[in-house]
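Q: One structure, as structure tokens, below. Some questions next.
Readers should treat all values here as calculations from the given coordinates under stated rules, not as data from a laboratory. Note that this is a predicted model, so its numbers are computed, not measured. Neighbour counts run over all protein chains shown; Cβ positions are idealised from the backbone, glycine included.
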Amino acid sequence: MLLALGLAAAFGGDALAAGADTQSPQAADERQAIQEANSLLQAEIKLAAKPQTYLMIDIQRRVVLVKARGLELHWMPFVSLRSSGERPSTGLFRLTARPPVDRPQAKPGEDATEHPIDLSNMPMEYQLDLDPSLTVMVGPPPYENLWLWLWSFLREGWARITSIGGGSWMKLTLLPQHARSLAWLVTDDMPVLVGRATLP
């Protein structure tokens, strides 16, 4: 009896292993999604333990979040997302530099402090360079600003060409107010989490 149980366990274990190897693509995708969400959660727990703000690009919820201590401070839904490769690069990144700002010019004899920078001075089309190598391009949809959309489209085309030899990119289409808010809120060396933040 014990011998029979031992043989059943041995062959049953092989069958389970074989079953794991021949699992359906849907099950494999679900397992990868769970691993990605767990990995992102572990990275966020470390970030949330410190008094700092950080960015999260949640691919599943299709939203860009500004967070601190695990709490959502500001959220910006995106219209669409495209990326190099079949799946966007995921993990923890750091912003190398914030986007340039169109600062108002003071006229001769005027005090520069009379023209403070506000949200309207923030760009709607720009790119965020992250480390390790990931470029996040931000631009408006064509129905909001056709010329900026065309420029953003050309920037994406150049990214496609240059990424053939390596490097990753992501294109986020945001409404103008959300693109400007994102440019306003990011800071140099800001942590950026990219991926699926919720379990399937």
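Q: So for the pair Leu150, Ala97, with labels modelled 7 Å out along Cα→Cβ, what separation do we get in nm?
A: 2.7
Q: Return the FRET efficiency for the residue pair Glu72, Ser163: r is the Cβ-Cβ distance, R0 is 22 Å, and the value is rounded to the nearest 0.05.
A: With R0 = 22 Å, the Cβ-Cβ based efficiency is 0.10.
Q: While we're looking at this one, here's another question. Which length gain, in nm to one decimal place, applies between Thr198 and Ile45 when the Cα-Cα distance is subtracted from 0.36 nm times their residue separation?
A: 53.7 nm
Q: Related question: Which values of log₁₀ I(q)/I(0), to two decimal places, follow from the Debye formula for region 31-90 at q = 0.23 Å⁻¹ with a uniform point scatterer at every Cα?
A: Once normalised to I(0) and log-transformed, intensities are -1.05.
Q: Then there's this: Calculate the spin-label point distance for Asn121 paired with Arg61, positioning each point 7 Å from the Cα along the beta-carbon direction, and give it in nanometres.
A: Distance between label points: 3.1 nm.
Q: Calculated FRET efficiency, Ile34 and Asp188, Cβ-Cβ r, R0 35 Å, to nearest 0.05?
A: About 0.55, to the nearest 0.05.
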